[in-house]
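The structure appears right after this line, and notes come after that.
The values are calculated or read from the model by the stated rules, or taken from the named source; none is laboratory data. Note that the structure is a prediction, hence the values are computed from the model and not measured. Glycine also receives a Cβ, built like all others from the backbone with ideal geometry; neighbour counts cover every protein chain displayed.
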Amino acid sequence: MPLLLLLYMSEIKLRFMKRALELGEQVRNKTGDNPWVGCVIVRGEKVLGEGHTHPPGEAHAEADAILNAEKQGHSLTGSTLYCTLEPCSFHGRTPSCAETIVEKQISHVVIAIRDPHPKVNAEGVRMLRESGVLVTEGIEEQDARKSLKDWLLKYE
């Protein structure tokens, strides 16, 4: 792949992850026990939907962004999802975000950091990859760790 194309693609990933971080910061300490996560879904450079984590029992950032994209009539097949934290892999008060991503046929998930919660801890990434979803990790990792520091301290 030509170097210029690689640089351009890297810049796009940084831009959308920075936006996801902004969305998460908007709800810092307003999500109860949940981490304040942001999510952006795109196709190419077009934003299809954005979301953030809500209080316990309500939508996680991924589900919120998916709902917002679908409300606007967007198909998510083949899209890319940027999320500041690894999608959850278990059914708790809400469905598994990793399973929902697979069901919606999102083809690429870009995460800043893995979720250290004992019920997730790389399971979301594993589920996505085993289902054929491309997963890119570590985009804006340092900023995500700084943003989620207080929440991460519970599990790391």
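Starting from residues that are over 11 Å from the mean Cα position of the chain (by Cα) and modelled with pLDDT of 95 or more, keep the ones in the stretch 37-54 and report whichever is nearest to PRO118 (Cα to Cα). Before the answer, list the steps.
Applying the first criterion (over 11 Å from the mean Cα position of the chain (by Cα)) to the stretch 37-54 yields 42-49, 54.
Narrowing further to those that are modelled with pLDDT of 95 or more: 42-43, 46-49, 54.
Numbers: VAL42: 29, ARG43: 32, LYS46: 35, VAL47: 32, LEU48: 31, GLY49: 29, HIS54: 20 Å.
So the residue we want is HIS54.
Residue by residue through the stretch 140-155, note down the ones that are of a type in the set (D, E, K, R), out of contact with any Lys or Arg (no Cβ under 9 Å at 6 or more places or on another chain) and loosely packed, with under 12 Cβ neighbours inside 10 Å. Step through it out loud before you land on a result.
Narrowing the stretch 140-155 to residues of a type in the set (D, E, K, R): 140-141, 143, 145-146, 149-150, 154.
From the residues that got through so far, the ones that are out of contact with any Lys or Arg (no Cβ under 9 Å at 6 or more places or on another chain) too are 141, 145-146, 149, 154.
Selection gives LYS146, LYS149, LYS154.
Can you confirm whether the stretch 27-43 contains a residue that is in contact (Cβ under 8 Å) with a residue 40 or more places away in the chain and over 19 Å from LEU148 (Cβ atoms)?
Yes.
Here is a check on your reading of the model: is GLU130 loosely packed, with under 15 Cβ neighbours inside 10 Å and modelled with pLDDT under 95?
Numbers: loosely packed, with under 15 Cβ neighbours inside 10 Å: yes; modelled with pLDDT under 95: no.
No, not satisfied.
Which of the residues spanning the stretch 40-98 are exposed (fewer than 13 other Cβ atoms within 10 Å of the Cβ) and part of a strand (DSSP E or B)?
Hit for the stretch 40-98 is LYS46, nothing else.
Give ILE139, ILE106 a once-over and let me know the one that is touching a residue at least 60 places away in the same chain (Cβ under 8 Å), closer than 15 Å to VAL42 by Cα and in a loop (DSSP other than H, G, I, E, B). If you could, list the steps in order and put the result at the bottom.
On the way: ILE139 fails: closer than 15 Å to VAL42 by Cα.
The match here is ILE106.
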